[in-house]
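In what follows, a single structure is set out as structure tokens and then discussed.
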Amino acid sequence: SWYTAEVMSVREQFLVRYENIFEASSAKPLEEWVPAELLRPQPPPTPSAWRSALQVGSPLEMQHEGGWWQVHYISTSDGTEPCDATRCLVYGRQWGDGQVLVDVDALRPGWHWRATLDVWTTRLSHDVDEK
């Protein structure tokens, strides 16, 4: 899953302060040191017609508990085309491959940050599976 954070300091790792994750003992935003490979910039705005490319198994990101969780598309809830749907059925490993019905407003394409190229791509190909 991905969470919005601000980089506070840089040494061998990055000290980040999360926007939506808080320390258990207080209401303070959680700060922790993380390696560079666990960071990525904010993805670009979601393309307007992205849902028309959905196929069974397409990688998506679902907004959940203040972060974006990697899930895969199964179907629409009412049999409509993905571009007309209001809710979709998705699955993710974090739920033991259980299925979740979610409003389409909580979904976006599965984004992939290509750091070496300094570019974002969507992962709407069902044969791509990243952890």
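Things worth noting here:
- The phi torsions of the range 29-44, fed into the Karplus equation with coefficients 6.51, -1.76 and 1.60 and a -60° offset, translate into couplings of x, 5, 10, 7, 8, 9, x, 4, 5, 9, 10, 8, x, 4, x, x Hz, rounded to whole numbers, with Gly and Pro shown as x.
- Lys, Arg +1 and Asp, Glu -1 on Cβ, resulting dipole of the range 13-131 about Cα centre, debye, nearest 20: 160
- Largest mean-square fluctuation among Val16, Val71, Val34, in a Gaussian network model of the chain whose springs join Cα atoms under 10 Å apart, belongs to Val34.
- Binned Cα-Cα distances of the range 49-115, short to long, each 10 Å bin given as a whole percent: 22, 58, 18, 1
- Summary of packing: across the peptides 59-68, 81-90, the per-residue average of other C-beta atoms within 10 Å ranks them, highest first, as 59-68, 81-90.
- Taking the 1.4 Å solvent-accessible surface of the chain as the whole, the part contributed by carbon and sulfur is 50%.
- Summarising the amide proton neighbourhood of Glu19: residues at separation of 5 or more, or on other chains, whose placed amide H is nearer than 5 Å comprise Thr4, Ala5, Glu6.
- Heavy-atom surface of the chain, accessible at 1.4 Å and reported per residue (Å²): 63
The values are calculated or read from the model by the stated rules, or taken from the named source; none is laboratory data. If you're wondering where the values come from, they're calculated on a predicted model, not measured in any experiment. All Cβ positions, glycine included, derive from the backbone under ideal geometry; neighbour counts span all protein chains shown. Only protein heavy atoms, including side chains, enter the accessible area calculation; ligands, DNA and RNA are left aside. Shrake-Rupley method; radii C 1.70, N 1.55, O 1.52, S 1.80 Å.
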